[in-house]
Amino acid sequence: MTLPKLDKPILKIEIPSTKKQMPFRPFMVKEEKILLMASESNDADLIEKSIRQILQNCCLNDLDVDTLSLIEVEYYFLHLRSVSVGEVVDNKYRCQNTL
């Protein structure tokens, strides 16, 4: 009998308000596509629902993302994005203010 192969890494995050460790996986291409389609729509409700859907998909336990506060959702999503895509974000805008 062979051991099962893990096709994606399993990581943990601690939600600051509850101090619980939650296992999660980095988001894949399908979650990135959901996020891209939501950002192109420019609809704030759709973007929020898409982010919550991605968090729910990537969570490996029975966490109900709808019960999390907005700050916890942002914290969880930023941590998820940093391990999935990378910690560096390219800015699209430059400050034109020269004093």
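Going through (1) assigned to a loop (DSSP other than H, G, I, E, B); (2) of a type in the set (A, V, I, L, M); (3) at pLDDT 90 or above one by one, LEU6 falls short only on (3). Restricting attention to segment 21-78, the residues being in contact with a Lys or Arg (Cβ under 6 Å, 6 or more places away or on another chain) and of a type in the set (Lys, Arg) number 1. Give the residue that is least open to solvent (accessible area, probe 1.4 Å), with candidates limited to residues of segment 70-99 that are in contact (Cβ under 8 Å) with a residue 60 or more places away in the chain and within 16 Å of LYS19 (Cα to Cα). Applying the filter and picking the extreme gives TYR76. Annotation note: Cβ proximity below 7 Å between a residue of segment 15-35 that is loosely packed, with under 14 Cβ neighbours inside 10 Å and a residue that is assigned to a helix (DSSP H, G or I) (sequence gap 6+ or interchain) occurs for PRO16/TYR75; SER17/GLU72. Scanning segment 41-69 for residues that are among the hydroxyl-bearing types (Ser, Thr, Tyr) and either outside any helix (DSSP H, G or I) or touching a residue at least 60 places away in the same chain (Cβ under 8 Å) (or both) yields one hit, SER69.
The values are calculated or read from the model by the stated rules, or taken from the named source; none is laboratory data. Computed from a predicted structure; not experimentally measured. Here the Cβ is made from the backbone with ideal geometry for all residues, glycine too, and neighbour counts use every protein chain on show. The protein model used for the area step is the full one, side chains on, heavy atoms only, and it has no ligands, DNA or RNA in it. Shrake-Rupley method; radii C 1.70, N 1.55, O 1.52, S 1.80 Å.
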